[in-house]
Every structure is written in structure tokens, then in C-alpha cells.
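The values are calculated or read from the model by the stated rules, or taken from the named source; none is laboratory data. Predicted model only: the values in this text are computed from it and were never measured. We place every Cβ from the backbone using ideal geometry, glycine too, and count neighbours over all the protein chains shown. For the accessible areas, the whole protein counts, side chains as well, though only heavy atoms, and no ligand, DNA or RNA atoms are used. Shrake-Rupley method; radii C 1.70, N 1.55, O 1.52, S 1.80 Å.
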Amino acid sequence: WGRNNFGQVNLIDGLIQTSIVSAGLHHNMAQQRDGTVLSWGYNQYGELGVGNSSTSGDWRYSPNPVMMPSGVSAVGLSLGDGHSCMVVDDGRIFCWGYNGHGALGTGGSDSGSNMPAQVSGTASYVSISSGPQFNCAITNLGSVQCWGLNNRAQLGLGYDGSYTYSTPQNTALP
């Protein structure tokens, strides 16, 4: 149900092996039980992770395999407005799509990536949650790290005059 102007609401046959689904603003992903990820919907910023940022063609109306990093399986997904992230089985996080305000967490100031790019740092993660242009993740030690847009102090860092954190920052929990 809902508006289907970018193919994000299609009824998809063949997703019977799905273990996790996640919805972004105009795109969706399904993690399969074998750890692969399928994506469909809008792709203006490369948020589908299929190696391009094309917004035309019928391919966006059906699931397409995300270009997975070699030798890993997805164990978690989260989608923002124009970016996507996944936790993989070795504890790393990969993000792709729009990098506004450092949402990809790679430390770069580039506009984005149309393939999964590893988030900076050495932490090992167990889960991730995404907002419009930011992410927060739980490490295997139970701490929280966030990165991206902080214009409303949504990263849990307070406000120090910076709206952008392009690498994971430790959030001070009580």
C-alpha cells in the first residue's frame, strides 16, 4: 500500500527466504536467509547498492542483488532517506548512497557511493538504525556510536557548533 511512484511498494514474488526487511524514503531492501541482500525502488544517490545511480529503467521495480563485499553475509539492515547500511557477520558496517553530512561514516567528504563502503573505525557492531542523514549503531561491547547529521543533537553528542560527523562518534550514555 502507499504511493508507488518509484516502485518501492511492489508486491514481490520470490522473497520467501527473507529474514529482514527495511524501508527507506523511496527504496526498500530484503535480507535473505543466506546473508545476501536485495534492493528495489528509487536510486538517485546509488542507495540500492547495485553499482550505479540510475533512476530510469524497469530494473528498479523488481529486486536486484546488492553488490556485497567479498566473503561476508549481512546480519542487519537499516535505510535512511537516500542511504543504506548493513551490518555484516564479521562485525563491520557498510553504507552506501547519499553521503550528505557524512551519513556513510567513511570519513570522506565525497557526495556518496553506489556500492557498499566500509564505515571508518575498528569497532565491531551488532546492529544499526538509520535516520534521514545519520546512523547510530550498537557495538559488541554495548556502547553506541553515531555519525552523520547532528543539526538537532540527534547523535547524542550535544551540540558543539558542528552539524557534521563523518566518522563514528561515541555517544555518552548515562
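Look at segment 20-55 and say how many of its residues are in a strand (DSSP E or B) and of a type in the set (Val, Ile, Thr). Let's see the steps before the verdict.
Looking only at segment 20-55, we keep the residues that are in a strand (DSSP E or B), and these are 20-23, 27-32, 37-41.
Checking which are of a type in the set (Val, Ile, Thr) leaves us with 20-21, 37.
Residues that pass the stated criteria total 3.
Scan segment 115-128 and report the pairs whose first residue is closer than 18 Å to Asp89 by Cβ and whose second residue is of a type in the set (S, T, N, Q) and open to solvent by 60 Å² or more (accessible area, probe 1.4 Å), with Cβ atoms within less than 6 Å and a gap of 6+ or a chain change. As it stands, the answer is Ser124/Asn140; Val126/Asn140, since those pairs meet every condition given.
The set of residues in segment 123-146 that are outside any strand (DSSP E or B) and within 16 Å of the chain's Cα centre (by Cα) comprises Gly131, Pro132, Gln133. Only residues that are of a type in the set (Val, Ile, Thr) and within 17 Å of Ser127 (Cβ to Cβ): list them for segment 138-174, please. Ile138, Thr139, Val144, Thr171, listed by residue number.
Counting only residues that are in contact with a Phe, Trp or Tyr (Cβ under 6 Å, 6 or more places away or on another chain), give me the strands (runs of 3 or more DSSP E) lying completely in segment 70-113 with at least 3 of them.
The strands (runs of 3 or more DSSP E) meeting that bar are 83-88, 93-98.
Applying a threshold of 8 Å to beta carbon distances and a minimum spacing of six or more residues, or different chains, the list of pairs starting in segment 159-174 at a residue that is open to solvent by 100 Å² or more (accessible area, probe 1.4 Å) and ending at one that is outside any loop (DSSP other than H, G, I, E, B) reads Tyr163/His101; Tyr163/Leu149; Asn170/Val144; Asn170/Gln145; Leu173/Val144.
When you go through Gly102, Gly97 one by one, which is the residue that is of a type in the set (Gly, Ala, Ser), within 11 Å of the chain's Cα centre (by Cα) and surrounded by 14 or more Cβ atoms within 10 Å (Cβ to Cβ)?
Working: Gly102 fails: within 11 Å of the chain's Cα centre (by Cα).
Exactly one of Gly102, Gly97 is of a type in the set (Gly, Ala, Ser), within 11 Å of the chain's Cα centre (by Cα) and surrounded by 14 or more Cβ atoms within 10 Å (Cβ to Cβ), namely Gly97.
For segment 71-83, indicate whether the set of residues that are at positive phi, without any contact (Cβ under 8 Å) to a residue 40 or more places away in the chain and either surrounded by fewer than 21 Cβ atoms within 10 Å (Cβ to Cβ) or under 15 Å from the mean Cα position of the chain (by Cα) (or both) is non-empty. Yes, segment 71-83 contains at least one residue that is at positive phi, without any contact (Cβ under 8 Å) to a residue 40 or more places away in the chain and either surrounded by fewer than 21 Cβ atoms within 10 Å (Cβ to Cβ) or under 15 Å from the mean Cα position of the chain (by Cα) (or both).
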